[in-house]
Ligand code: ADP
């Protein structure tokens, strides 16, 4: 199962170019789509979930011998899609088990026994079994998201799209949600959009960074972080000095730690006293990509050209 997106573009009626020539190849397993708010993630997800049309470009699913044109064969996509949108409505007075069973019926699982088996299995898998008779309106944010995943999985989807699923969850619920996603299945495509680097760093074998409608970088988290190898330095700066500091150094992130601001900077030349060379993280690479200063990968022709000039 693979998803190939080529040159996908979308401009809204108000002139906002939400996607500009997005090209991505996504294999089975978990794929992270990382980007700040407004990057175009939801637009891309909605187009792939057949809820919105693109202006141009193509998206194709290859499932064994079968090929599906995502933009033009919406029924075929819907038959294999499980979607957890950013905001989804629940019937607050209905119980989890009732709504899930109802949704299963809407998805065409007509056999009662089969429906029951699936619904009960998913309630157990999402750890909602003991709350299955509770009204959905009383669920916490984390429980709602777990219910959201249960409804997305109801018809054995082969393409699963989850849009910002951990926004608003506490750390414990986030871990629980991550574990659930990781379990979902190896041979299906799971597309996870988020603006939280930690969501994808450990969970997704591959990811893409999207900003202003464009793919900035794509690959394995470790390989992306490695592009900054030997170039990231940390130091601690007093708050009032930050502005001045940022004029001298290329700051990629600042973080408050025990009352001090820990700053990560990128430098092509070794930085001496007061700086500590640190192992680059995906977060460093993400901020560098957004700032447009992430170096090309070592085998990139751009590097070869630069080396030839030296
Ligand atoms: P993300 O999910 O990464 O936050 P979105 O896809 O929601 O990004 O939005 C991308 C850009 O498109 C943003 O600038 C947003 O304001 C704009 N946008 C999204 N939906 C609409 C819409 N229905 N009409 C006009 N502009 C929109």
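The values are calculated or read from the model by the stated rules, or taken from the named source; none is laboratory data. Just so it is clear, the model here is predicted, and its values are computed rather than measured. Here Cβ is always computed from backbone atoms with ideal geometry, including for glycine, and neighbour counts include all displayed protein chains.
Mind counting the residues in region 37-50 that are outside any helix (DSSP H, G or I) and within 7 Å of the ligand (Cβ to nearest atom)? The qualifying residues number 4. Filter region 1-31 down to the residues that are within 12 Å of the ligand (Cβ to nearest atom) and not in a strand (DSSP E or B) and list them by number. Passing the criteria: 12, 13, 14, 15, 16.
The sole residue among 294, 271, 228 that is in a loop (DSSP other than H, G, I, E, B), over 20 Å from the mean Cα position of the chain (by Cα) and in contact (Cβ under 8 Å) with a residue 60 or more places away in the chain is 228. For region 186-211, filtering for residues that are surrounded by fewer than 18 Cβ atoms within 10 Å (Cβ to Cβ) and over 22 Å from residue 168 (Cβ atoms) leaves 3. Tell me, please, whether a residue that is within 16 Å of the ligand (Cβ to nearest atom), in contact with a helix residue (DSSP H, G or I) (Cβ under 8 Å, 6 or more places away or on another chain) and either closer than 30 Å to residue 139 by Cα or in the same structural domain as residue 137 (by TED's automatic domain parsing) (or both) can be found in region 87-95. Within region 87-95, one or more residues are within 16 Å of the ligand (Cβ to nearest atom), in contact with a helix residue (DSSP H, G or I) (Cβ under 8 Å, 6 or more places away or on another chain) and either closer than 30 Å to residue 139 by Cα or in the same structural domain as residue 137 (by TED's automatic domain parsing) (or both).
Condition check ((1) away from the ligand (no atom under 16 Å from the Cβ); (2) part of a loop (DSSP other than H, G, I, E, B)) across all residues:
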{"residue": "142", "(1), (2)": "yes, no"}
{"residue": "146", "(1), (2)": "yes, no"}
{"residue": "149", "(1), (2)": "yes, no"}
{"residue": "155", "(1), (2)": "yes, yes"}
{"residue": "161", "(1), (2)": "no, no"}
{"residue": "168", "(1), (2)": "no, yes"}
{"residue": "173", "(1), (2)": "yes, no"}
{"residue": "176", "(1), (2)": "yes, no"}
{"residue": "181", "(1), (2)": "yes, no"}
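Here residue 34 fulfils each of the conditions (1) surrounded by fewer than 20 Cβ atoms within 10 Å (Cβ to Cβ); (2) within 12 Å of the ligand (Cβ to nearest atom) apart from (1). In region 161-176, the qualifying residues are those that are touching a helix residue (DSSP H, G or I) at 6+ places or on another chain (Cβ under 6 Å) and surrounded by 17 or more Cβ atoms within 10 Å (Cβ to Cβ), and the one that is modelled with the highest pLDDT is 161. Report the residue count in region 193-216 for those that are within 12 Å of the ligand (Cβ to nearest atom), in a loop (DSSP other than H, G, I, E, B) and at pLDDT below 95. Summing the residues that are within 12 Å of the ligand (Cβ to nearest atom), in a loop (DSSP other than H, G, I, E, B) and at pLDDT below 95 in region 193-216 gives 1.
Within region 231-252, the set of residues being out of contact with any helix residue (DSSP H, G or I) (no Cβ under 6 Å at 6 or more places or on another chain) and either part of a strand (DSSP E or B) or closer than 12 Å to residue 284 by Cα (or both) comprises 231, 233, 234, 235, 236, 250, 251.
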